[in-house]
Amino acid sequence: MGKGTTLVHCDRTDIGRRRLKNQDSKAVLPPSSPQQYRTRGWLFLVADGMGAHAAGEMASAIAAERVPLLYEKDTQRSPPLKLRHSIEHVNTEINAQGESVSECKGMGTTCTVLAILPRGALVGHIGDSRVYRIRGRTVEQLSRDHSLVWELETAGGMTREQAAGAAPKNIITRSMGPHPRVDVDIEGPFPIEENDVFVLCSDGLSGQVADEEIGLFATELDPRDSAAALLGLSLVRGAPDNVTVIVARAGAEEVSKTLPSDEQWPINDGEIIRPKGHPIPWKMLVACGVSFFLSLVFFSNWRTSAGLMTPILMIATACAGFLAFATLMAVFLKFLSTPSPRVRVLPVGKLLGKGPYRSYDCSPTEPLLEGIVTSLEGAVDTLGEADRERTVEIVTRMRQHVADGRFHEAVVAATEGLALYTHWLEAKRRSEADVTHGKENPSLHRPA
């Protein structure tokens, strides 16, 4: 069984181009020992808050802090059960905070959690943040969006494009916080192979970057470079929302291994299974009626009998009467009895949920790379002169690599251009912050 020591990951977050605050939160909880990896594994979390003032920021921060903490402290339950309990409990905490503070009324957050365990990848999910698995040249969405657009597509019979045009994409149908109770999707455990890449992200990324592009960067680059490139591409395309991404690549020690003798995972604490209504025990009632009838027959014959038949009929009357009484009491107790708890288990090798929900080919192709080149080219005019010249040179180099069929080199060049844009944007923000700070503090600009 693996030790969980070969996984490589990187996480990034950014406020985006239009938001005043970053309401996204993230968390990474690594195992501190091989034993801890076997019991709880790696844990990754992305939360996208919503609510006025600082409410959304607070809700996502609570989720990012409390869910990993409760998951780690729960040493008694199975991984899927403690993941569900942790998310449900934190939902109650966020709801209580929202109900007790007027400024936080109705605050909520998405919460998408990935646990990498020896048995596979387990997903706990509420909202429209996402988990992807990239294997080879295929990108799969392991979580489903709790959004109106997704419902229109899956239940309404619309295509993806039709659903996106029929409803605002930011309307979600399920989130943590607004209600005291919430349904949590638990998916997996999905088998893990060496070099499988997992991507968690908020909709600030998935709304600007196509699934195929996410798979392309995750496959061609290491987690550090792919996380930076995905964030950079979202920023180049305008990033109207906060952007958060976590990229994790599994190594040899994270390859899932299961044996038929492995312990089955309980997936509930033991629920009372109550049938609808009370089924009538007809057989017992018939037995009671027959016994009572026989007792009456024996009793009437006993009173008129003589000789040896008298004690025989007396005993028969007593036995039939006792049987009728005992059967009647059994029927009565059956109505009063409480069914015993039933613990449901997940057999080894079986999966919870219905994922993966979507699957796409993310092989590098000329049209896929041209979309990235075009986005980078469109940002050239916003750059300073030196950065503009370098970006034009990178775009030219990318197109030449694509024309020559050297797709990996084209992806590496795109990463260089996206990093250049990200650095320019960060410098621009620092400069604007310095100007604002100077206006608020005129003494900083007084001559000595």
Of a type outside the set (Lys, Arg), in the same structural domain as Ser359 (by TED's automatic domain parsing) and within 19 Å of Ser359 (Cβ to Cβ): which single residue out of Glu93, Glu88, Glu99, Glu140 fits that description? Glu140
Applying the selection to the stretch 93-114, what residues are of a type in the set (Val, Ile, Thr) and at pLDDT 95 or above? Ile94, Thr109, Thr110, Thr112, Val113
Hits in the stretch 146-185 - residues which are among the small types (Gly, Ala, Ser) and either at pLDDT 80 or above or surrounded by 13 or more Cβ atoms within 10 Å (Cβ to Cβ) (or both): Ser147, Gly156, Ala163, Ala164, Ala166, Ala167, Ser175, Gly177
Test: residue in the stretch 161-179 that is in contact with a Phe, Trp or Tyr (Cβ under 8 Å, 6 or more places away or on another chain), outside the structural domain of Leu117 (by TED's automatic domain parsing) and at negative phi: no
Let me confirm something: among Asp262, Asp241, which residue is more than 22 Å from the chain's Cα centre (by Cα), acidic (Asp, Glu) and either not in a helix (DSSP H, G or I) or not assigned by TED's automatic domain parsing to the domain that holds Tyr357 (or both)? Asp262
For Ala54, state whether it is in contact with a helix residue (DSSP H, G or I) (Cβ under 9 Å, 6 or more places away or on another chain), touching a residue at least 12 places away in the same chain (Cβ under 8 Å) and either closer than 23 Å to Glu187 by Cα or of a type in the set (Val, Ile, Thr) (or both). no
Out of the residues in the stretch 76-125 meeting the condition of being of a type outside the set (Lys, Arg) and in a loop (DSSP other than H, G, I, E, B), tell me which one is nearest to Val345 (Cα to Cα). Ser78
Residue that is modelled with the highest pLDDT [pool: residues in the stretch 37-75 that are within 21 Å of Ser100 (Cβ to Cβ) and not in a helix (DSSP H, G or I)]: Ala47
Taking into account only those residues within the stretch 240-264 that are modelled with pLDDT of 90 or more and hydrophobic (A, V, I, L, M, F, W, C), which is nearest to Leu328 (Cα to Cα)? Val255
Hey, Pro339 hits all of (1) assigned to a helix (DSSP H, G or I); (2) at pLDDT below 75 but one; which does it fall short on? (1)
Is one or more of the residues making up the stretch 381-389 modelled with pLDDT of 95 or more and out of contact with any strand residue (DSSP E or B) (no Cβ under 7 Å at 6 or more places or on another chain)? no
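The values are calculated or read from the model by the stated rules, or taken from the named source; none is laboratory data. Owing to the predicted nature of the structure, the values given are computational and were not obtained by experimental measurement. Ideal geometry is used to build each Cβ from the backbone, glycine not excepted, and the neighbour counts take in all protein chains shown.
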